[in-house]
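Some notes on the structure that comes next.
Just so it is clear, none of the values below were taken in a lab; they were calculated from the coordinates. Predicted, not measured: the structure shown is a model, and the values here were computed from it. Heads up, the Cβs are rebuilt from the backbone with ideal geometry, glycines too, and the neighbour counts pull from every protein chain shown.
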Amino acid sequence: MAEVALLEVRGVCKAFGGVQAVAGVCFRLRGGDVQAVIGPNGAGKSTLFNLLTGQLRCDAGQILFRGERIDGTPPHQIWRKGISRTFQVPAAFQSLTVRENVQTALLSRQGRSRNLASRAAPLCEDAASALLAQVGLLADADEACGNLSLGDVKRLELALALAGEPALLLLDEPAAGMSVDERADLMGAVLRIVRERNLTVLFTEHDMDVVFGAATRILVLHQGRVLAEGSPAAVRENAEVQRVYLGGAP
């Protein structure tokens, strides 16, 4: 009996007017994979992520998570099923402290959002601190989110995603806008957490050092279609991928 993929994408399509942003994309993601999705700007990467997390509806095709169809499911229900994501532009409550942001995510996960109207300081405090320690932000727990550097905001958003207790973590350009050292530190933290929590990761990224340093598999999109998929070595050596995206010889 074939192993059920954690995530299976079957012929997914999405058009905006006359532009086919995602055109018949198919792939399977096994538990424990760290898979990168790469391709030129406009290849369909962010649209694909928005389809997987319910921000957009598929025009055609199916998306299965743990063998269950989730295409057409609202984002908050997909989140509760075990898929969390970060965004290219980090999203956090600027007026709250770092710890309060994580507490808010934890309360939402527990279905206790109504508690936010009351005094929330004691709620989930230990769990929030544990998550912040895991991403390296415990020392900044009482800092206003608006005072954080970009690198620390990205770490906070990672903690917010982990608050959903995901099986699958989607990272949309996690290293964008960061220095070389910040990128290395963040991706090192991500890979450590993946091992500790036994997570599966799907991420988009333009920095090829990050991609080839972190991914166990790579999916290449071009003009909304799958151009190649395979191990980092196979993708690096693919002549069509070199021509369209990587540029030059392997």
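Among 196, 237, 8, rank each residue by its count of other Cβ atoms within 10 Å, from fewest to most, as a rough exposure measure. Before the final figure, lay out each step's value.
Values: 196 9, 237 14, 8 18.
Least to most surrounded, the residues fall as 196, 237, 8.
Counting Lys and Arg as +1 and Asp and Glu as -1, what is the net charge of the other residues whose Cβ lies under 12 Å from the Cβ of residue 165?
Values: positive: 80, 81, 109, 197; negative: none.
So the environment of residue 165 carries a net charge of +4.
When Lys and Arg each count +1 and Asp and Glu each count -1, what net charge do the other residues less than 14 Å away from residue 98, Cβ to Cβ, add up to? If you can, show how the numbers build up before the last one.
Details: positive: 99, 154, 155; negative: 100, 125, 140, 142, 143, 152, 157.
Residues close to residue 98 contribute a combined charge of -4.
What does the net charge come to around residue 13 if you take all other residues with beta carbon closer than 13 Å to its beta carbon, with K and R at +1 and D and E at -1? List each step's numbers first, then the result.
Working: positive: 10, 14, 57, 225; negative: 59, 71.
Net local charge, residue 13 excluded: +2.
Just check region 13-114 against the gyration tensor rule for me: Cα atoms, a ≥ b ≥ c as the square roots of the eigenvalues, rounded for a/c under 1.5, and otherwise prolate or oblate depending on whether a/b exceeds b/c. Walk me through the numbers before you get to the answer.
On the way: a/c = 1.95, a/b = 1.61, b/c = 1.21.
Judged from the Cα gyration tensor, region 13-114 comes out prolate (a/c at least 1.5, a/b above b/c).
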